[in-house]
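Below: one structure, written as structure tokens.
The values are calculated or read from the model by the stated rules, or taken from the named source; none is laboratory data. Since the structure is predicted, the reported quantities are computational estimates derived from the model, not experimental observations. Note that we place each Cβ from the backbone using ideal geometry, even for glycine, and neighbour counts take in every protein chain shown.
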Amino acid sequence: MILSWSPVIWTNILGSIALLVLSALCVIYSLRMLKKSADQTFHYYLFLLTLSFIFFAVARSFGHLCKEALFFYNLQHLWILLAPFSGSINTAAFIVIFSFVIYFNRSCEIHNELERHKAYLTGLVSEKTRALTETNQKLIQEISDRTRTEKELEKTVDELSAVMNTINCGILFIDDQLHSRIVNRTFCELWGVPMDFEDSHPSMREVIEYNRYNNMYKVSDDDFERYMDEREAQIRQGSIAPVILERKDGIILQYQCVVLPDGWRMLTYFDITELKKTQEKLAQSQKMEAIGLMAGGVAHDLNNILSGVVSYPDLLLNKFPGNSELSKTLRIIKESGQRASEVVADLLTVARGVAGSHEIRSLNDLIIEYLESPEGKKMSSLHPEVLVKTDLEPDLHNISCSAIHIRKCIMNLLINSAEAIVGSGIIHVETKNQYIDTPVAENQYMPTGEYAVIRITDTGQGIAKNDISHIFEPFYSKKVLGRSGTGLGLAIVWNTVQDHNGTIVVNSTAQGTSFLLYFPVSSKVPSKKKGSVGLAQLQGHGERILLVDDEKQQCDIGSQMLSVLNYKVETVSSGEEALAFVRNQAVDLIILDMIMAPGINGRQTYEKIIADRPGQRAIIASGFSENAEVKKVQALGAGSFIRKPYTIEQLGLAVSEALA
């Protein structure tokens, strides 16, 4: 049985056509790959290999088609002629393909080798890149750290400069060659050198030489060189103890040297001008206190002595007619004793222990009262060419004061001003209200608030600079003692101002002197003046009074005065006797002396008395002061305070007020 060749033929034809289509697709795909990766040799060789297979497939397929076509048209003889050429072409195509396969295989090996080298180089580059990146990061971090450190250093330098410039002392850092390195603003201000001069790092010698003729040194060239040689040697050794240096303008500096570990030195300069002034004021205050203690002791004893001179004439005057010769003599004795007691009162003022009650008054009224008083008119008559002008604040605030002592301050200041004027001149008295928010230089502890101020200015010759610091000392006077006062005038002014919690400021030039007195104001209503009281109004009703005093004479005087005023009087000479007396007998009133020696004082006596007899009435009599002890007794319930020597009227008023 002979099979038909028709299926084989069609299969051959269709297969050849399919192979041609597939070859065309391969060419298109290879071209696309080549376009996408034209730089890769592998794809290029793959394209050539593909073309070789396509060439082989096309040649073989085309040969089959030609064969089938010739067989279809019965032209087998032509196929027989063409067949050898078809085989040769197929063989050539196969050889080409085999050659390309070998070449491609070698190319693949070369390509793989290149890829390995490429991967190695890529890894090496990556490693180097990573190392460079890490190095770069470290450099960036170091730069950042350095920048931050520089900023912190700049901040630290700025803070150090700010701190140094706020320190109220001059600071100079010098190196081991004694050249300035760091200074603050205060140093430049104290030495009078500009900051740009210090920026050039001058030597210590150049700094002092720059300043030498400005405001400090008063030495000759030879003395200056010798001083600098000694000072530089001491600085190098670091052995400079605190040294005081006074500038030409009066500023006082204290400086010392500190050696630092690196060989540098730190010189510090302190302005101690105010400290020196404060020390001088403290020494002055201590001296005044010492003098005051002495004056207080003398005054206490004198008051007890003067009690007889003042009080006995007062008692005798009640027994003689007012027109008798003896009465006139007694009045002279009494007035002399009172004038002596005023001098003692001045001593007590100096002692800052004056026994005076405070009342609400206006400085304006006190000024007018003095100018219109006999004392004021006498001053005007003694200095007829001196004109007193007043400029008084109409709405001046009131003050709480001892009126008699403020009037005495005004009197002493006006008399001093009048005596300071040679020939004709003017004394200007001014008052004003002033709010103090910054303490004056003379009193750094001056409280802020409202003050009533009195200014007394004259056109006299002024006070010498060397005398100003002494004018408030007792008995310090350029006048003739005995003819121009006792030498206590300004001491009384100073102590009175201090007792009133005030401040006094003195300014003096060759054209005149000005005194400013500051007194804290009071919002209370002014006190009413008390008129004179007759003895008839002071008579008692036989009340029993115990007089306690260690001075027998004072007991006798007080007993007689109280008897004249119709009181029954018992006297004892100590606190212990007073305690024993009141334990056994009741009294309506006790008159207590504050200072009794030996034994317990007035306060201790009253404390023990009220422990036995609560509510016991008492008044206090002393020749010294209304001090803290007196106020403690009054806080316990005692009544008023009277100062020795006292008159019948003063004693009678105090007793009647206490009994009322």
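Checked against the criterion of being over 51 Å from the mean Cα position of the chain (by Cα) and either under 30 Å from Ile333 (Cα atoms) or assigned by TED's automatic domain parsing to the domain that holds Asp499 (or both), the range 579-596 has at least one qualifying residue. Only residues that are modelled with pLDDT of 70 or more and touching a Pro at 6+ places or on another chain (Cβ under 8 Å) were counted in the range 469-502, giving 4.
Checked against the criteria, Ser625 counts as modelled with pLDDT under 85 and not acidic (Asp, Glu).
Just a yes or no: is a residue in the range 260-268 at pLDDT 75 or above and in a helix (DSSP H, G or I)? No, because not a single residue in the range 260-268 is at pLDDT 75 or above and in a helix (DSSP H, G or I). Checked across the range 167-188, the condition of being closer than 26 Å to Ile252 by Cα and modelled with pLDDT under 75 holds for no residue.
Please specify each residue of the range 419-435 satisfying the condition of being farther than 24 Å from Asp395 by Cβ and part of a strand (DSSP E or B). Hits for the range 419-435 are Gly425, Ile426.
Taken together, the residues in the range 138-195 that are in a loop (DSSP other than H, G, I, E, B), under 29 Å from Thr273 (Cα atoms) and out of contact with any Phe, Trp or Tyr (no Cβ under 7 Å at 6 or more places or on another chain) amount to 6. Filtering Asp588, Asp593, Asp612, Asp556 for residues that are under 17 Å from Glu657 (Cα atoms) and of a type in the set (Asp, Glu) leaves a single hit, Asp588.
Inclusion of Ile610 among residues that are over 49 Å from the mean Cα position of the chain (by Cα) and of a type in the set (A, V, I, L, M, F, W, C) is warranted. Got at least one residue in the range 637-648 being part of a helix (DSSP H, G or I), modelled with pLDDT under 85 and touching a Leu at 6+ places or on another chain (Cβ under 7 Å)? For the range 637-648, residues part of a helix (DSSP H, G or I), modelled with pLDDT under 85 and touching a Leu at 6+ places or on another chain (Cβ under 7 Å): present.
Applying the criterion of being surrounded by fewer than 20 Cβ atoms within 10 Å (Cβ to Cβ) and not charged (D, E, K, R) to the residues of the range 384-396, the residue that is farthest from Trp494 (Cα to Cα) is Pro384. Glu206 meets each of the listed conditions (1) surrounded by 15 or more Cβ atoms within 10 Å (Cβ to Cβ); (2) closer than 17 Å to Tyr255 by Cα apart from (2).
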